[in-house]
Amino acid sequence: MKYYSTNRKAPLASLQKAVVKGLAEDRGLYMPERIHKMPKEFFDNIQDMSFRDIAYNVASAFFGEDVDLDALQELVFDTLSFDCPVVKVTDHIYSLELFHGPTLAFKDVGARFMARLLQYFIKTEGKSRVNVLVATSGDTGSAVANGFLGVDGIHVYVLYPKGKVSAIQESQFTTLGKNITAIEVDGVFDDCQALVKSAFMDSELNAHMNLTSANSINVARFLPQAFYYFHAYAQMKKKGLADELVMCVPSGNFGNICAALFGHEMGLPIKRFIAANNANDVFFNYLQTGVYEPKPSLQTLANAMDVGDPSNFARIYDLYGQSHERISSLISGATYSDEQICETMKHCYEETGYILDPHGTCGYRALQENLLPGETGVFCETAHPAKFKETVDAIIGTEVSIPDRLAAFMQGEKKSIPMSKDFNDFKAYLLQQEP
Ligand SMILES: *Cc1c(COP(=O)(O)O)cnc(C)c1O
């Protein structure tokens, strides 16, 4: 299968090139040329299939032409070492818990899948070592670092702002060692991002080493998230509740909801979608007005969704032929202030006993406000509440317990390389590293 750029000014790319490069030459995002519909028998039997088997079938539809099927199966099974249960919260609202992976974040699946796919290409095509640069405000760094940990032929540099990530998050990428190097930048998140962008554009550096990125612009990172939605549908079908399903996705860069929409294009019977946002309301405004106007991001309690110019909007726009009418008839939006997040989280805990994290809270509230009679809503709970422990404890007035897996990270010894925000320092450092 070939991949085209959303800007349509770059040559078609193979899967390997799309994964290794990340972004097309014209700065567009890669899209698969075709989206295969899943066969009827797949949907007839889906309720009796395991998460892994469902995912392998979906992965074959995307990657089966380009990756040996036995290798693809091994790769999918290795990625999905955990389950994502659907849990009832109220009579009509269910939580799809995407946080049972190694770092308790839904990004674990995409990160691990991408790491293993890159490794497959390095092995089968004899490519030389690849270096992944990733800037993080917290969650992406931990998922990417853990997904790539110990994968031969790939080195990961995680750039994070000194003093600006939580202790739990920092421990998840600074204590690993091996092929993971944490770089503690004396600056803010935007400085980290600028260093990474400058590195990708620097010809001397690119001549010295193969560089790639691991955020959701990469097809290998965002597409595997489609697995979640087929698995959610299967679980709801088993309960006899799949007839009028509304899927609600708390969104930042819109990679996760974009994967859900790809699933829909493959025939997944979801009636409609809701993109739930915090105060960053660029997509919400687009739905109302038809005009897409990026803004600087606002800081909120749901900080993994603090995005003012969501990169995967380009993919959604392209998927529906740039039609505002098609997009707004399938997807609706919601936007919530920090105050609304607090009151909703507290209320949900008091009424149902279910502890939401700040991101999932936006999804839950959007369903509460928008669900029509006869519909059943499923929202993604995108992070374990313990990852935002201080915030959540203060709002619900009780102690969220920290899962063992998370506590184990905090036992490790922190190792990081201090770095200024001056690109020349970062470049000099990289030039001294093994290419
Ligand atoms: C990354 C993230 C999101 C946003 O996902 P996108 O794919 O960027 O839309 C939401 N919640 C949490 C906890 C995240 O880490």
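Laid out as a table, the results:
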quantity: Of Val134, Leu372, Ile402, farthest towards positive along the dipole that unit charges on Lys, Arg, Asp, Glu beta carbons give the chain; calculated: Val134
quantity: FRET efficiency estimate (nearest 0.05) - Cβ-Cβ, His208 to Leu330, R0 60 angstrom; calculated: 0.85
quantity: Gaussian network model of the chain, Cα within-10 Å springs - most flexible of Glu184, Glu375, Glu399; calculated: Glu399
quantity: Where trypsin sites (Lys or Arg not before Pro) fall in DSSP loop in region 1-87, at most 14 other Cβ within 10 Å; calculated: Arg8, Lys9, Arg27, Arg34, Lys37
quantity: Taking region 292-435 and dividing mean pair separation by its residue count, relative contact order in percent (alpha carbons under 8 Å, at least six apart); calculated: 15
quantity: Built amide H within the under 5 Å cut-off of Cys248, gap 5+; calculated: Ile274, Val378, Phe379, Cys380
quantity: FRET efficiency estimate (nearest 0.05) - Cβ-Cβ, Glu375 to His36, R0 22 angstrom; calculated: 0.20
quantity: Partner lysines for Lys238 [C-alpha distance under 18 Å; skip if fewer than 8 residues away on the same chain]; calculated: Lys40, Lys88, Lys271
quantity: Share, in percent, of DSSP beta bridges within the chain that are antiparallel, nearest 5; calculated: 20
quantity: Calculated from backbone phi, Karplus (6.51, -1.76, 1.60) coupling profile of region 410-422 in Hz, x at Gly/Pro; calculated: 6, 7, x, 8, 6, 10, 8, 9, x, 9, 7, 8, 7
quantity: Rg over Rh [alpha-carbon atoms, Kirkwood Rh] for region 170-276; calculated: 1.12
quantity: Alpha-carbon Debye profile of the chain, log10 I(q)/I(0) at 0.06, 0.12, 0.13 Å⁻¹; calculated: -0.23, -1.00, -1.19
quantity: Percent of alpha-carbon pairs separated by more than 11 Å within region 125-174; calculated: 67
quantity: Cα centroid separation, region 215-264 to region 381-435 (Å); calculated: 26
quantity: Rough spin-label spacing in nm, given labels placed 7 Å along Cα→Cβ, for Lys197 and Glu265; calculated: 2.6
quantity: Mean residue ellipticity (222 nm) of the chain, computed from DSSP H runs ≥ 4 via -39,500 (n - 2.57), nearest 500; calculated: -13000 deg cm²/dmol
quantity: Where trypsin sites (Lys or Arg not before Pro) fall in DSSP loop in region 178-225, at most 16 other Cβ within 10 Å; calculated: Lys178
quantity: Candidate aspartates and glutamates - alpha carbon under 19 Å from Lys427, same-chain residues fewer than 8 apart omitted; calculated: Glu184, Asp186, Asp190, Asp191, Asp202, Glu204
quantity: Most mobile of Ala55, Ala408, Ala145 in a GNM of the chain (Cα contacts under 10 Å); calculated: Ala408
quantity: Hz values of 3J(HN,Hα) by residue in region 370-387 - Karplus curve (6.51, -1.76, 1.60), Gly and Pro given as x; calculated: 10, 5, 9, x, x, 8, 10, x, 10, 10, 7, 8, 7, 8, 5, x, 5, 6
quantity: Relative contact order of the chain, defined on C-alpha pairs under 8 angstrom at six or more residues apart (%); calculated: 19
quantity: Reachable lysines, given that their alpha-carbon falls under 16 Å from the alpha-carbon of Lys123 and they are not under 8 places away in the same chain; calculated: Lys17
quantity: Region 292-361, relative contact order in percent, only Cα pairs under 8 angstrom and at least six apart counted; calculated: 26
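The numbers here are math on the coordinates, done by the rules we state, and not lab data. Keep in mind it's a predicted model, so treat the numbers as computed, not measured. Neighbour counts are summed over all protein chains in view; Cβ atoms, including those assigned to glycine, are modelled from backbone coordinates with ideal geometry.
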